[in-house]
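The values are calculated or read from the model by the stated rules, or taken from the named source; none is laboratory data. In this text, all values refer to a predicted model and were calculated from it rather than measured experimentally. Cβ: placed from backbone, ideal geometry, glycine included. Neighbour counts: every protein chain shown. Ligands, DNA and RNA are excluded from the accessible area calculation, which covers all protein heavy atoms including side chains. Shrake-Rupley method; radii C 1.70, N 1.55, O 1.52, S 1.80 Å.
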There are 2 protein chains.
Amino acid sequence: MGTTQLETVPEPKYWHLKTVLSDALDSEFAVGEILPNERDLAARFGVARATLRQALEQLELEGRLQRRRGVGTTVAPPRVGVAVDPVRHTWPGAAGDDWQPVDAVESDAVPAAVAGLLATAPGDPVHVVRRSRVTHGRPVATELLYVPAAAVPGWAPAASLSAPARARAVLHELQTLELDGQDRTVELGSARAEDARELDRLPGAPVLVVTTRYVSGGRTAAVAVSTYRADTCRLTFGESDAVALLAG
Amino acid sequence: MGTTQLETVPEPKYWHLKTVLSDALDSEFAVGEILPNERDLAARFGVARATLRQALEQLELEGRLQRRRGVGTTVAPPRVGVAVDPVRHTWPGAAGDDWQPVDAVESDAVPAAVAGLLATAPGDPVHVVRRSRVTHGRPVATELLYVPAAAVPGWAPAASLSAPARARAVLHELQTLELDGQDRTVELGSARAEDARELDRLPGAPVLVVTTRYVSGGRTAAVAVSTYRADTCRLTFGESDAVALLAG
């Protein structure tokens, strides 16, 4: 192919090893199989442990390997497509949305980046709804949804409600507002300790962070920060239903 | 905040170091400043080089640090928002699209995943257009656009054209087709050697891979695989123009 005709880049040693390992995964291992330990692998390929570890990290970034707590390194199944906006132009929690409400608290300390988007001042009360998303029985994403109390004035969840019911009550209150629009960013992040636990990952594991801003009445009425496992997820965006077009 | 009340996760040593380093970046370093070398940093924080390296990798994942070839590790500026679909429901190369055509070649060997989406058989000729994207004078993304020759039958770029002109000719030919729809996936990847060179990164650096499928006449007429730097980019998706709504 033409693109390989260009000036050659020196290849780091772990990069070559990664290619060799990738071929070995294809030919010798099945999905879910546990890899031999690092010492044995390093010996087999005649490389230093540090080089091996770099190659394994690459393969994890590419979704070929998974490191699982208490299990070891296993051969990953193909990534699962997860629709980021299955129900378009709706508030979170609308019918067809497949997130599970976990709890809701009122907080006066939200992350600076979120406060910036919400245009809240330090100390302003904000409802923080936690939700989680499970696909094929596996946790794939966790979310914190920030709703300034000022966006739903004169309302507070009844103290007697259970945690998930409190979360549903905040979502229900959002639905009463008119949604003018939303926008979204996707970036690379590393899992915070709480998210890592929920996602069955180690703290610091690479994640895809989707930040959605919901606009109502000329102000940002809510911001959702959703953290997706980067090893198992492919985020899908259906600008139009290409799959349906192809099937039809 | 309520979410911190849950059962505590044991914190790896590098994770704690990452937090300490992150604070140091805020208080002692300016954007673009070069960090001291690993040996000095490890000594200052009283940790092993391996632990330090893990913490630096985390900060790179989070976009706080950049590793640059021949320069070292520098404090990263805030990530730049890059619009993935600034001109919606159009073919690549439409007016307002800010990718630069680089070249086009005809290939009969496309990656298996792309061949799957295109439903091409091995050996089927495919036009491969290479494009690049520069924001604020910095390369942020590189793209390979695959167009099966069968999607633009009876057409081939004139051999006399320059490389960018060949690329523009393929894009121009796409515009003559009716676009029924498109869909898109975003996932984590690691930079291939060619992409790394174009993006001024080391091979294997984390990248965000955006795969767009363009449907015309009931078939996939083109697939674009765009590779964005994960350290400097935040991908933005404007489902509606929330920024304009807020400004108005």
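Brief remarks on what is shown
- Calculated over the stretch A:13-75, the projected area of the Cα convex hull averaged across directions stands at 3.9 nm².
- Long-range Cα-Cα pairs in the protein assembly as shown (distance over 46 Å), rounded percent: 13 percent
- Lys/Arg +1, Asp/Glu -1 at C-beta; the stretch A:13-75 dipole; positive extreme among A:Thr51, A:Leu35, A:His16: A:Thr51
- Positions from the stretch A:28-63 whose accessible area shrinks by 40 Å² or more when the full protein complex is built, not the chain alone, probe 1.4 Å: A:Leu61
- Summary value for chain B: 19 percent relative contact order, contacts being C-alpha pairs under 8 angstrom separated by 6+ residues.
- With K and R counted +1 and D and E -1, the other residues having a Cβ less than 13 Å from that of B:Ala159 yield a net charge of 0.
- For the stretch A:80-213: rounded, prolate or oblate by the Cα gyration tensor [a/c cutoff 1.5]: rounded
- For the protein assembly as shown, a simple Cβ point-charge model (Lys and Arg +1, Asp and Glu -1, everything else neutral) yields a dipole of about 1040 debye relative to the Cα centre.
- B:Phe45 accessible area, 1.4 Å probe, all protein chains in place, Å² to nearest 10: 50 Å²
- Cα gyration tensor shape for the stretch B:145-238, rounded if a/c is under 1.5, else prolate or oblate: oblate
- Over the stretch B:195-236: Rg over Rh, Cα atoms, Kirkwood Rh: 1.13
- Loss of accessible area when A meets B, both sides summed, Å² nearest 100, probe 1.4 Å: 5500 Å²
- Counting, for every residue in A:206-219, the Cβ atoms of other protein chains within 10 Å of its Cβ and taking the mean gives 3.
- Minimum Cβ-to-axis distance in chain B for the rotation onto chain A, with residue, whole Å: B:Val186, 3
- Accessible area per residue, Å², the stretch A:13-75 with all protein chains present, probe 1.4 Å: 52 Å²
- Averaged over peptide A:188-196, the number of partner chain Cβ atoms lying within 10 Å of each residue's Cβ comes to 6.
- Exposed trypsin sites (Lys or Arg not before Pro) absent: longest stretch of chain A, with sites in DSSP loops and at most 15 other Cβ within 10 Å deemed exposed: A:89-248
- Among B:Pro111, B:Pro77, B:Pro139, the largest mean-square fluctuation in a Gaussian network model of chain B (Cα springs under 10 Å) belongs to B:Pro111.
- Among B:Gly189, B:Gly137, B:Gly93, the largest mean-square fluctuation in a Gaussian network model of chain B (Cα springs under 10 Å) belongs to B:Gly137.
- Distance between the C-alpha centres of the stretch B:34-80 and the stretch A:97-127: 31 Å, rounded to the whole angstrom.
- Volume per residue that the Cα convex hull of chain B spans, once the total is divided by residue count, Å³: 199 Å³
- Placed amide H near A:Val102: partners under 5 Å, 5+ positions off or other chain: A:Arg130, A:Arg131, A:Ser132
- Only Lys, Arg, Asp and Glu carry charge here, each on its Cβ (+1 for the first two, -1 for the last two); on that basis the stretch B:80-236 has a dipole of about 320 debye about its Cα centre.
- Spin-label proximity, A:Asn37 to the stretch B:48-77 - amide N less than 14 Å from point 7 Å beyond Cα toward beta carbon: none
- Solvent-accessible surface of the stretch A:80-236, taken per residue with a 1.4 Å probe and all protein chains present: 37 Å².
- When the Gaussian network model of chain B links Cα atoms closer than 10 Å, the mean-square fluctuations of B:Val105, B:Val147, B:Val129 top out at B:Val105.
- The same position A:Gly81 in the other copies lies at 2.8 nm from this copy, comparing label points 7 Å beyond Cα toward the beta-carbon, shortest first.
- Take each residue of peptide A:177-185, count the partner chain Cβ atoms within 10 Å of its Cβ, and average: the result is 6.
- The stretch B:165-207: GluC sites (Glu not before Pro) in DSSP coil with no more than 10 other Cβ atoms inside 10 Å: B:Glu178
- For chain A, calculated [θ]222 nm from helices alone, where every DSSP H run of n ≥ 4 adds -39500 (n - 2.57): -8000 deg cm²/dmol
- Amide H within-cut-off set for A:Ala222, under 5 Å, with H built and near neighbours excluded: A:Tyr214
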